[in-house]
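For reference, the structure discussed in these notes is given below.
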Amino acid sequence: MNSAVKWLLILFALVSIILNIILISIYSNTAPKCSAQRVHPLRGKHDERSLVFADLTQEEYAQVQRYMLQQKDLDISTQQVTEPGANFLFLIDLSLPKKADALAYLDGKGPQPVREATVVVFHGARGYIKEYVVWPLPNPKHHRDVTTERYKRELPINARTVTVGEYVLLSGFINNKVFSKLSKLLKESFDVNEGETLYTFEQVPRGLRSGHRTSWLNCLKDVSGVYVNPVGLDLLINHESVNASHWKVERLFYNGQYFDSVEELKRKYDAGTIKKIVYKDSPNHASLKTRTKPLQMGPQLFYAEGKRYSISHNHVLYLDWSFAFGLSSLTGMRVFDVRFSGERIVYELSVQEATSVYGSATPGMMITKFVDSNFGIGRFAHELVRGVDCPSAATYVDTYRYIDVPVPVRYRNSICVFEHNMGQPLRRHFSDFSHHSYGGMANSALVMRTITAIANYDYMWDFVFYQNGAVEAKVHATGFIASSYLVDGSLRYGHQVAENVLGNIHTHFVNFKVDLDVTGVKNVFQTKDMQFVNMSLPWRPDRYAMIPELVEKQLKTEKEAALRHHTKTPRYLHIASNKTNRWGHQSSYRLQVYTFAGDNLPESEAEEKAMSWARYKVAITKHKDSEQTSSSVYNQNDMWNPAVDFSKYMEDDESIENEDLVAWVTAGFLHIPHAEDIPNTVTVGNGGGVLLRPHNYFDEDPSVNSPDAVYFSAGDEDSCENNRMACLAQETCSPVLEPYTYHGFEGVVKFEDWQ
């Protein structure tokens with residue numbers, strides 16, 4: 001080959017490459033953007049009557065606060081660092097309307113219920129807690145004390161949540177009464193220099209009997225991921241008095257040894273008569289900083305024809321679904337008036353409580369039983385991170401809260417809503433032997449999510465709405481495990497997960513309220529299961545076979561329908577109507593609980609009354625407006641005499657036949673921490689929940705009417721008529737991406753501001 005030909009070939013190759021680059025560039029620049037607008041119309045219309053369940057607005061919070069401050073006889077403070085001995089306005093939240101009134105309004109048969117707020121005041125100067133209802137909103141003019149009406153007694157001041165003001169005082173007390181006197185120990189054992197301190201993590205309950213307010217505080221290295229950096233020092237602080245000058249240090253626990261006072265620990269440490277901890281520098285095993293540079297981006301969700309759901313105020317429309325939603329500061333996410341094809345299925349589906357019971361050889365964690373509504377489950381729903389917590393293309397909703405703050409706080413993007421391909425078909429069949437064809441449907445569902453970061457644990461709460469008429473409520477746990485310093489006997493209570501760090505065994509129990517209204521409010525509770533029966537074969541009477549047979553039962557009273565964990569429970573649990581479907585079967589929805597819960601606290605333990613709902617996998621009660629929640633914000637700090645003892649709801653053993661029924665469902669998991677929980681617990685396998693599944697509610701699977709259904713037979717595989725996937729390549733568009741923003745640190749508590 002001569003040189004001229006060689007150069008011509010090289011030139012031809014270069015020209016070809018350049019032309020290809022130009023063509024690719026032109027195509028990329030002209031590819032249409034995916035529609036940001038909805039291509040197909042919604043199937044329903046938004047209903048402003050859903051606002052009856054809407055969270056309080058920023059202005060409503062402010063109006064209620066102003067009204068309460070005008071009540072001079074209450075002598076209320078709203079300063080965030082209010083001392084325990086003053087009267088502190090702790091909480092403002094929505095008061096839900098009575099169910100009968102709400103239903104009448106929603107169904108066009110009654111007036112709009114009066115909008116009301118609940119206000120919680122810690123009357124430290126008077127020694128009690130009060131709950132007030134304030135109305136009407138907006139522009140409140142009245143209030144009344146509803147404490148005894150709701151709890152049948154007064155609420156003692158020591159049942160209150162520890163406020164920011166009390167935490168600030170505790171921090172100052174520990175620095176002045178403990179750390180300042182142990183500077184040598186802190187330096188030699190923990191490398192804490194002058195001007196530095198240790199982080200303290202409280203253990204609960206606060207004491208051993210009603211009226212106590214003594215807290216074990218686990219001291220931790222003040223670094224990122226503090227919860228898995230215990231140092232080997234625990235403090236027992238008595239802060240029963242609302243006067244901080246009366247507080248005292250009752251015990252200390254250092255390197256597996258107990259001491260009655262700071263002075264005793266200091267004296268024995270200086271004398272060298274105790275076993276000391278010698279500081280050893282090591283990298284922070286709890287850091288979540290990335291260890292490799294981001295490379296290829298993972299799969300992303302986008303909507304080729306706009307979003308198939310719509311949100312107006314607190315009302316959501318999605319294909320055949322509609323519902324209202326809210327976020328309680330105390331209990332978290334909830335939905336109301338859930339309808340499918342216009343028919344109400346669920347009146348209320350809500351998170352109620354989350355608890356954890358720990359085992360340990362160290363004193364604080366040895367008795368720890370967290371009751372999270374005390375801290376506020378919804379309170380800690382911060383901004384969600386686009387592309388990680390939720391898809392970038394999700395719709396994000398701001399929320400406002402007033403709990404332990406001087407003014408209502410806006411939490412940007414703290415709820416997300418998105419339609420999601422669940423990654424497996426909802427249904428499908430490939431016909432192999434005859435009528436060669438394929439019929440199927442992608443499992444696209446709507447997800448409503450919030451994530452609450454309650455101290456060390458992050459709980460991801462999802463409500464999922466499927467196209468076959470099923471609804472799911474579930475939780476997954478992530479975040480940091482709670483840990484303790486490794487001492488003699490520790491390995492009875494978990495596994496070592498880092499240098500001198502024990503991951504402590506614990507349970508997670510979560511309670512959901514499921515108020516199903518199946519074709520109305522008059523329902524029954526049924527169970528179904530199977531049994532094998534030995535039958536003779538009709539064509540060979542001398543031969544027998546074991547045949548599975550349906551076993552059905554209708555339970556009649558609340559006690560009969562209180563189904564405990566670890567007892568043989570029928571596998572099908574139904575809220576049913578006396579109305580029937582086309583085939584003569586009672587319309588019902590099945591409660592399918594999936595859980596890997598550990599053992600619930602024995603009833604012989606005094607604190608168990610504060611979490612008695614955890615006895616039951618499912619409990620069915622007759623609806624009462626006075627039995628609105630299964631737990632209480634006050635249960636944590638007075639577990640021995642709880643404001644709400646759920647087990648009492650069944651004491652009257654009322655009939656549950658043809659009544660308005662509520663199902664209280666408990667799910668969870670046993671967590672035995674292991675090395676892979678460092679630095680963070682993963683969501684995989686760490687969760688539980690409940691599916692509400694139609695069971696003879698419809699005459700057939702309603703998803704057959706979904707536009708997502710696909711069908712083709714042999715010979716028309718490429719037809720787009722009933723299979724849009726076949727023509728997807730022809731409809732390619734580039735996604736419309738929202739700009740990335742994050743403001744989540746705006747709503748965090750900054751204790752350093754008051755040091």
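Which condition number does Arg724 fail, the rest of (1) open to solvent by less than 80 Å² (accessible area, probe 1.4 Å); (2) under 30 Å from Pro32 (Cα atoms) being met?
Of (1) open to solvent by less than 80 Å² (accessible area, probe 1.4 Å); (2) under 30 Å from Pro32 (Cα atoms), only one is false for Arg724: (1).
When you scan segment 49-56, do you find a residue that is loosely packed, with under 15 Cβ neighbours inside 10 Å, within 30 Å of Gly124 (Cβ to Cβ) and modelled with pLDDT of 95 or more, even just one?
No: zero hits.
Just to check your reading of the model, which residue among Arg428, Arg379, Arg410 is crowded, with 17+ Cβ neighbours inside 10 Å and not hydrophobic (A, V, I, L, M, F, W, C)?
Values: Arg428 fails: crowded, with 17+ Cβ neighbours inside 10 Å; Arg410 fails: crowded, with 17+ Cβ neighbours inside 10 Å.
None of the other options fit; the residue is Arg379.
Can you name the residue in segment 511-528 that is out of contact with any helix residue (DSSP H, G or I) (no Cβ under 9 Å at 6 or more places or on another chain), at negative phi and of a type in the set (Val, Ile, Thr) and, of all such residues, is surrounded by the most Cβ atoms within 10 Å (Cβ to Cβ)? Don't jump to the end; show me each part of the working.
Narrowing segment 511-528 to residues out of contact with any helix residue (DSSP H, G or I) (no Cβ under 9 Å at 6 or more places or on another chain): 512-514, 516, 518-520, 522-528.
Restricting the remaining residues to those that are at negative phi gives 512-514, 516, 518, 522-528.
Applying the additional criterion that residues be of a type in the set (Val, Ile, Thr) yields 514, 518, 524, 527.
Details: Val514: 24, Val518: 26, Val524: 21, Thr527: 18.
Within segment 511-528, the match that is surrounded by the most Cβ atoms within 10 Å (Cβ to Cβ) is Val518.
For Leu169, are the conditions met, namely being within 16 Å of Leu217 (Cα to Cα) and either part of a helix (DSSP H, G or I) or touching a helix residue (DSSP H, G or I) at 6+ places or on another chain (Cβ under 7 Å) (or both)?
Working: within 16 Å of Leu217 (Cα to Cα): yes; either part of a helix (DSSP H, G or I) or touching a helix residue (DSSP H, G or I) at 6+ places or on another chain (Cβ under 7 Å) (or both): yes.
Criteria met by Leu169.
When only residues in segment 68-96 that are within 30 Å of Arg49 (Cβ to Cβ) and open to solvent by less than 20 Å² (accessible area, probe 1.4 Å) count, which is farthest from the chain's Cα centre (by Cα)?
At the first step, the residues of segment 68-96 found to be within 30 Å of Arg49 (Cβ to Cβ) are 68, 91-96.
After this cut, where a residue has to be open to solvent by less than 20 Å² (accessible area, probe 1.4 Å) as well, the list is 68, 91-95.
Details: Met68: 31, Leu91: 20, Ile92: 20, Asp93: 18, Leu94: 19, Ser95: 21 Å.
The selected residue is Met68.
Taking the stated definitions as given, is Val510 modelled with pLDDT of 95 or more, more than 30 Å from Ala709 (Cβ to Cβ) and touching a strand residue (DSSP E or B) at 6+ places or on another chain (Cβ under 6 Å)? Please lay out each step first, then the result.
On the way: modelled with pLDDT of 95 or more: yes; more than 30 Å from Ala709 (Cβ to Cβ): yes; touching a strand residue (DSSP E or B) at 6+ places or on another chain (Cβ under 6 Å): yes.
Against the criterion (modelled with pLDDT of 95 or more, more than 30 Å from Ala709 (Cβ to Cβ) and touching a strand residue (DSSP E or B) at 6+ places or on another chain (Cβ under 6 Å)), Val510 qualifies.
Ile415 versus (1) under 19 Å from the mean Cα position of the chain (by Cα); (2) open to solvent by 40 Å² or more (accessible area, probe 1.4 Å); (3) closer than 30 Å to Leu91 by Cα: which is the lone unmet condition?
(2)
Check whether at least one residue in segment 586-602 is over 19 Å from the mean Cα position of the chain (by Cα), part of a loop (DSSP other than H, G, I, E, B) and modelled with pLDDT of 95 or more, and report yes or no.
yes
Can you name the condition, by its number, that Pro679 falls short on among (1) in contact with a strand residue (DSSP E or B) (Cβ under 8 Å, 6 or more places away or on another chain); (2) closer than 30 Å to Asn600 by Cα; (3) surrounded by 13 or more Cβ atoms within 10 Å (Cβ to Cβ)?
All conditions pass for Pro679, except number (1).
Does Glu348 satisfy the condition of being acidic (Asp, Glu) and in a loop (DSSP other than H, G, I, E, B)? Please lay out each step first, then the result.
Details: acidic (Asp, Glu): yes; in a loop (DSSP other than H, G, I, E, B): no.
No.
What are the residues in segment 589-608 that are open to solvent by less than 70 Å² (accessible area, probe 1.4 Å) and either out of contact with any helix residue (DSSP H, G or I) (no Cβ under 7 Å at 6 or more places or on another chain) or of a type in the set (D, E, K, R) (or both), if any? Please lay out each step first, then the result.
Pass one, segment 589-608, residues open to solvent by less than 70 Å² (accessible area, probe 1.4 Å): 589-593, 595, 597-598, 600-601, 606-608.
Passing the criteria: Tyr589, Arg590, Leu591, Gln592, Val593, Thr595, Ala597, Gly598, Ala606, Glu607, Glu608.
Condition first: over 30 Å from Leu728 (Cα atoms) and either without any contact (Cβ under 8 Å) to a residue 60 or more places away in the chain or open to solvent by 40 Å² or more (accessible area, probe 1.4 Å) (or both). Now tell me which residues in segment 313-333 satisfy that.
At the first step, the residues of segment 313-333 found to be over 30 Å from Leu728 (Cα atoms) are 313-315, 323-333.
Across segment 313-333, the qualifying residue is only His313.
Restricting attention to segment 361-376, and to residues there that are part of a loop (DSSP other than H, G, I, E, B) and open to solvent by less than 30 Å² (accessible area, probe 1.4 Å), which single residue is farthest from Gly232 (Cα to Cα)?
If we filter segment 361-376 for residues that are part of a loop (DSSP other than H, G, I, E, B), which is where we start, we get 361-362, 367-368, 375-376.
Narrowing further to those that are open to solvent by less than 30 Å² (accessible area, probe 1.4 Å): 361-362, 368, 375-376.
Details: Ala361: 12, Thr362: 9, Thr368: 17, Phe375: 26, Gly376: 29 Å.
Only one residue tops the list, namely Gly376.
Do you know which residues across segment 32-91 are outside any loop (DSSP other than H, G, I, E, B), among the acidic types (Asp, Glu) and either touching a residue at least 60 places away in the same chain (Cβ under 8 Å) or closer than 30 Å to Gln112 by Cβ (or both)? Talk me through it step by step, then tell me what you get.
So the first thing to find is which residues in segment 32-91 are outside any loop (DSSP other than H, G, I, E, B), and the list is 33, 35, 48-53, 58-70, 72-74, 76-77, 87-91.
Going one step further and asking which of them are among the acidic types (Asp, Glu), we end up with 48, 59-60, 73.
Selection gives Glu48, Glu59, Glu60.
Please go through segment 565-585 and pick out each residue that is at pLDDT below 95 and open to solvent by less than 90 Å² (accessible area, probe 1.4 Å).
Selection gives His565, Thr567, Thr569.
Restricting segment 286-321 to residues that are small (Gly, Ala, Ser) and assigned to a loop (DSSP other than H, G, I, E, B), which is nearest to Glu499 (Cα to Cα)?
Ala286
Just to be sure before I move on: is Arg449 more than 29 Å from the chain's Cα centre (by Cα) and either open to solvent by 10 Å² or more (accessible area, probe 1.4 Å) or over 25 Å from Gly747 (Cβ atoms) (or both) in the structure I sent? Even if it seems obvious, please write down each step before you answer.
Details: more than 29 Å from the chain's Cα centre (by Cα): no; either open to solvent by 10 Å² or more (accessible area, probe 1.4 Å) or over 25 Å from Gly747 (Cβ atoms) (or both): yes.
Against the criterion (more than 29 Å from the chain's Cα centre (by Cα) and either open to solvent by 10 Å² or more (accessible area, probe 1.4 Å) or over 25 Å from Gly747 (Cβ atoms) (or both)), Arg449 does not qualify.
Grab the strands (runs of 3 or more DSSP E) fully contained in segment 506-574, keeping just those with 3 or more residues being over 30 Å from Met333 (Cβ atoms). Reasoning before the result, please.
Working: elements: 506-516, 523-537, 540-555, 562-564.
Ranges flagged: 523-537, 540-555.
Looking only at segment 151-166, which residues are in contact with a strand residue (DSSP E or B) (Cβ under 9 Å, 6 or more places away or on another chain) and either more than 30 Å from Val119 (Cα to Cα) or part of a helix (DSSP H, G or I) (or both)? It would help to see each step written out before you state the result.
Of the residues in segment 151-166, the ones in contact with a strand residue (DSSP E or B) (Cβ under 9 Å, 6 or more places away or on another chain) are 151, 154-157, 159-163, 165.
Within segment 151-166, Tyr151, Ile157, Ala159, Gly165 meet the criteria.
So the check is Cβ under 6 Å with 6+ separation or different chains; which pairs have a first residue in segment 214-226 that's farther than 25 Å from Ile157 by Cα and of a type in the set (D, E, K, R) and a second one that's part of a strand (DSSP E or B) and open to solvent by 20 Å² or more (accessible area, probe 1.4 Å)?
Asp222/Tyr199
Under 9 Å between Cβ atoms, at least 6 apart or on separate chains: pull out the pairs that start in segment 123-141 with a residue that is within 17 Å of Gln70 (Cα to Cα) and in a loop (DSSP other than H, G, I, E, B) and end on any residue that is of a type in the set (D, E, K, R) and open to solvent by 60 Å² or more (accessible area, probe 1.4 Å).
Between residues of segment 123-141 that are within 17 Å of Gln70 (Cα to Cα) and in a loop (DSSP other than H, G, I, E, B) and residues that are of a type in the set (D, E, K, R) and open to solvent by 60 Å² or more (accessible area, probe 1.4 Å), the close pairs are Pro138/Glu59; Pro140/Arg66.
Scan segment 467-499 for residues that are more than 30 Å from Ile345 (Cα to Cα), part of a loop (DSSP other than H, G, I, E, B) and open to solvent by 30 Å² or more (accessible area, probe 1.4 Å) and jot them down. Steps first, answer last, please.
Residues of segment 467-499 more than 30 Å from Ile345 (Cα to Cα): 478-499.
With part of a loop (DSSP other than H, G, I, E, B) added as a condition, the list becomes 480-482, 486-489, 499.
Answer for segment 467-499, where residues must be more than 30 Å from Ile345 (Cα to Cα), part of a loop (DSSP other than H, G, I, E, B) and open to solvent by 30 Å² or more (accessible area, probe 1.4 Å): Leu486, Asp488, Gly489, Glu499.
Check whether at least one residue in segment 302-311 is aromatic (Phe, Trp, Tyr), more than 25 Å from the chain's Cα centre (by Cα) and either open to solvent by 20 Å² or more (accessible area, probe 1.4 Å) or under 22 Å from Gln467 (Cβ atoms) (or both), and report yes or no. Break it down into steps so the answer makes sense when it comes.
Of segment 302-311, the ones aromatic (Phe, Trp, Tyr) are 302-303, 309.
Checking the rest, the ones that are also more than 25 Å from the chain's Cα centre (by Cα) come to 302-303.
Retained after the next criterion (residues that are either open to solvent by 20 Å² or more (accessible area, probe 1.4 Å) or under 22 Å from Gln467 (Cβ atoms) (or both)): 302-303.
Within segment 302-311 (the criterion being aromatic (Phe, Trp, Tyr), more than 25 Å from the chain's Cα centre (by Cα) and either open to solvent by 20 Å² or more (accessible area, probe 1.4 Å) or under 22 Å from Gln467 (Cβ atoms) (or both)), the answer is yes, since at least one residue qualifies.
I'm trying to understand the selection: among the residues of segment 105-159, which are among the aromatic types (Phe, Trp, Tyr) and either farther than 15 Å from Leu94 by Cβ or at pLDDT below 95 (or both)? Full working, then the answer.
First, pick out the residues of segment 105-159 that are among the aromatic types (Phe, Trp, Tyr): 105, 122, 128, 132, 135, 151.
Scanning segment 105-159 gives Tyr105, Phe122, Tyr128, Tyr151.
Just one of the numbered conditions (1) within 27 Å of Thr452 (Cα to Cα); (2) open to solvent by 60 Å² or more (accessible area, probe 1.4 Å) is not true of Lys293; which one?
(1)
The values are calculated or read from the model by the stated rules, or taken from the named source; none is laboratory data. A quick note: this is a predicted structure, and the numbers were derived from the prediction, not measured. In this analysis, Cβ positions are derived from the backbone assuming ideal geometry, glycine residues included, and neighbour counts consider all displayed protein chains. In case anyone asks, the SASA skips ligands and DNA or RNA and just uses the protein heavy atoms, side chains included. Shrake-Rupley method; radii C 1.70, N 1.55, O 1.52, S 1.80 Å.
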